[in-house]
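Peer 1: One structure coming up, written as structure tokens, with questions to follow.
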Amino acid sequence: MRSLINFLLRIHFLLLFILIEVFSIYLLINNNNFHKARFVNLTRQVTGNFYTKTTNLKQYLSLAEENQLLAEENNRLLNIIESTYKSDEIFFRSVNDTIFNQRYMYTSARIINNSINKKHNFLTLNKGNQQGLRPEMAVVSNGSIVGIVKGVSKNYATVISLLNLDLRISSKIKKNGYFGSLNWDGKGYQTAILNEIPLHADIQVGDTIITSGFSSIFPEGILIGYISDFEEKKGSFYEIEVKLSTDFKSLGNVNVIGNLLQIEKLELENQAVKND
């Protein structure tokens, strides 16, 4: 206590000065309309900024609760939709490709099961042959490759994922057209390997890899990914690592592509093989 008193005695002139200054400002504001208005405006600005920051902080702290409420509301709406309506219509739209003389049919579907941590990964779609799906249809998401329809039931379809050791995709480098075979090496869900690209081909990290269009399943130009690394292998070819553009961990909705000329193309190619 004695220390506090001694401290106050040492600074009593400063405290007296501050008190006089505050009293002077008070008199100035109360007896001068201009200064009074400026003080009120300043006070409003300070308190407004304080309330704004406080409100933003409260909103940030309540995000988890708001997200939970939104999730519950979404679930409620989805339950209402699923319990009152089920569509069996075939929502296909056709796309005519006049350059390559092909015609494709598109429909949307939702992934209801997916795996990425196996050597032979598959997906399940919520549509089947009753909605127009059939084996050997291409599956894409946001314009990027996902896989190929493998089996179909009445209302469901299984898709062999690009993350499957048994799947090979005819691919090419977009800028120069050199093509090869792309397959997953089982090491991670974000990369695949492109082979059979000759050493004289001009390639760089960042080059775009797309479907070649040589198969009867995928149209030409579907995005696969981008070159992330490459090295020379024995022989005269590169082994190219491709960073996939599809994030297989966050897949939800996809598009299924059917080639109406697929059977005709396959029959003709099989006939040519037999006659060889």
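The values are calculated or read from the model by the stated rules, or taken from the named source; none is laboratory data. The shown structure was predicted, so the numbers you read here are calculated from the model rather than taken from an experiment. Ideal geometry is used to build each Cβ from the backbone, glycine not excepted, and the neighbour counts take in all protein chains shown.
So that you can scan it fast, the table gives a plain yes or no per residue for (1) more than 24 Å from residue 107 (Cβ to Cβ); (2) crowded, with 17+ Cβ neighbours inside 10 Å; (3) in contact with a Phe, Trp or Tyr (Cβ under 6 Å, 6 or more places away or on another chain):
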site: 172; (1), (2), (3): yes, yes, yes
site: 176; (1), (2), (3): yes, no, no
site: 188; (1), (2), (3): yes, no, no
site: 194; (1), (2), (3): yes, yes, no
site: 220; (1), (2), (3): no, no, no
site: 227; (1), (2), (3): yes, yes, no
site: 247; (1), (2), (3): no, no, no
site: 250; (1), (2), (3): no, no, no
site: 258; (1), (2), (3): no, yes, no
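Peer 1: Here's another thing I want to ask about it. Quick one: in segment 28-44, which of the residues that are surrounded by 10 or more Cβ atoms within 10 Å (Cβ to Cβ) and over 60 Å from the mean Cα position of the chain (by Cα) is modelled with the lowest pLDDT?
Peer 2: Restricting attention to segment 28-44, the residues satisfying the condition of being surrounded by 10 or more Cβ atoms within 10 Å (Cβ to Cβ) are 28-30, 32, 35-44.
If we keep only those that are over 60 Å from the mean Cα position of the chain (by Cα) as well, we get 28, 30, 32.
Values: 28: 67, 30: 72, 32: 70.
Checked segment 28-44; the qualifying residue modelled with the lowest pLDDT is 28.
Peer 1: Could you please give the count of residues in segment 132-166 that are outside any strand (DSSP E or B) and touching a Phe, Trp or Tyr at 6+ places or on another chain (Cβ under 8 Å)?
Peer 2: Taking segment 132-166 and keeping what is outside any strand (DSSP E or B), we get 132-137, 142-143, 153-156, 165-166.
Still in the list and also touching a Phe, Trp or Tyr at 6+ places or on another chain (Cβ under 8 Å): 132, 165.
Qualifying residue count, segment 132-166: 2.
Peer 1: Is at least one residue of segment 187-201 on the phi > 0 side of the Ramachandran plot, assigned to a strand (DSSP E or B) and charged (D, E, K, R)?
Peer 2: Yes: one or more hits.
Peer 1: In segment 118-138, is there at least one residue being touching a helix residue (DSSP H, G or I) at 6+ places or on another chain (Cβ under 8 Å) and buried (at least 19 other Cβ atoms within 10 Å of the Cβ)? Can you show your working first?
Peer 2: Taking segment 118-138 as the starting set, the residues that turn out to be touching a helix residue (DSSP H, G or I) at 6+ places or on another chain (Cβ under 8 Å) are 136.
Remaining after also requiring buried (at least 19 other Cβ atoms within 10 Å of the Cβ): none.
Within segment 118-138, none of the residues are touching a helix residue (DSSP H, G or I) at 6+ places or on another chain (Cβ under 8 Å) and buried (at least 19 other Cβ atoms within 10 Å of the Cβ).
Peer 1: Name the residues in segment 228-251 that are basic (Lys, Arg) and not in a strand (DSSP E or B), would you? Break it down into steps so the answer makes sense when it comes.
Peer 2: The initial filter retains those residues of segment 228-251 that are basic (Lys, Arg), namely 233-234, 243, 249.
Those that are basic (Lys, Arg) and not in a strand (DSSP E or B): 233, 234, 249.
Peer 1: Of everything in segment 205-227 that's assigned to a loop (DSSP other than H, G, I, E, B) and modelled with pLDDT of 95 or more, which residue is nearest to residue 261 (Cα to Cα)? Talk me through it step by step, then tell me what you get.
Peer 2: Taking segment 205-227 and keeping what is assigned to a loop (DSSP other than H, G, I, E, B), we get 205-207, 212-222.
Checking the rest, the ones that are also modelled with pLDDT of 95 or more come to 205-207.
Values: 205: 36, 206: 34, 207: 31 Å.
Per the criteria, the residue is 207.
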